[in-house]
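Below: one structure, written as structure tokens.
The values are calculated or read from the model by the stated rules, or taken from the named source; none is laboratory data. Values in this document were obtained by computation on a predicted structure and should not be read as measured data. Don't worry about glycine lacking a Cβ; one is built from the backbone with ideal geometry, like all the others, and counts go over all protein chains shown. Keep in mind that these areas ignore ligands, DNA and RNA; they rest on the heavy atoms of the full protein, side chains included. Shrake-Rupley method; radii C 1.70, N 1.55, O 1.52, S 1.80 Å.
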Amino acid sequence: MDNKKSILIAEDQAPLVRVLSDKLNSEGFSVLSAYDGEESLSLALQKHPDLIILDLLLPKISGLEMLKKLREDDWGKTAKVIILTNLSDVQTLSEVIENEVFDYFVKTDIRLDDLVKKIKAKLGIAFE
């Protein structure tokens, strides 16, 4: 039985997915990735990852739409989500908060190590 925490990266920028995946794998996480909103939602509902890193600007359906659909699911209601996006407008932020997301980061404003710390804190993992 694999007790690694799993993280779904919902992000359409392949280079960022690679960087995040490499970092999270090296920190002992199991990583899933999806490059559009539909695939992200489908994977989330199938695999029930411990945490989802979600970009709001995704093809097919937006990250915000994906999040709203996720919250309609019994499991998805309480799924842990961290928003990592380039959008920082107030309207978007208020919609995200309505969908019970408490961690929202602008990509250019957060370092990878800080993101990992936030992920571990959200999952209740002690820091070494």
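The figures follow:
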quantity	calculated
Residue in region 45-68 that is farthest from the chain's Cα centre (by Cα), counting only those that are modelled with pLDDT of 95 or more and among the charged types (D, E, K, R)	60
First in region 94-116 and more than 20 Å from residue 68 (Cβ to Cβ), second anywhere and at pLDDT below 80, Cβ under 6 Å, 6 or more apart	106/88
Top-ranked residue in region 1-21 [being surrounded by 12 or more Cβ atoms within 10 Å (Cβ to Cβ), free of Cβ contacts under 8 Å to residues at least 24 places away in the same chain and not basic (Lys, Arg); ranked as farthest from residue 56 (Cα to Cα)]	21
Of all residues making up region 77-128, the number that are touching a Lys or Arg at 6+ places or on another chain (Cβ under 8 Å) and not hydrophobic (A, V, I, L, M, F, W, C)	8
Count - residues of region 60-75 that are open to solvent by 60 Å² or more (accessible area, probe 1.4 Å) and part of a helix (DSSP H, G or I)	4
Hits in region 76-106 - residues which are in a helix (DSSP H, G or I), open to solvent by 20 Å² or more (accessible area, probe 1.4 Å) and modelled with pLDDT of 90 or more	77, 78
Flag if residue 55 is charged (D, E, K, R) and open to solvent by 20 Å² or more (accessible area, probe 1.4 Å)	no
Verdict on residue 17 being aliphatic (A, V, I, L, M) and at pLDDT below 90	no
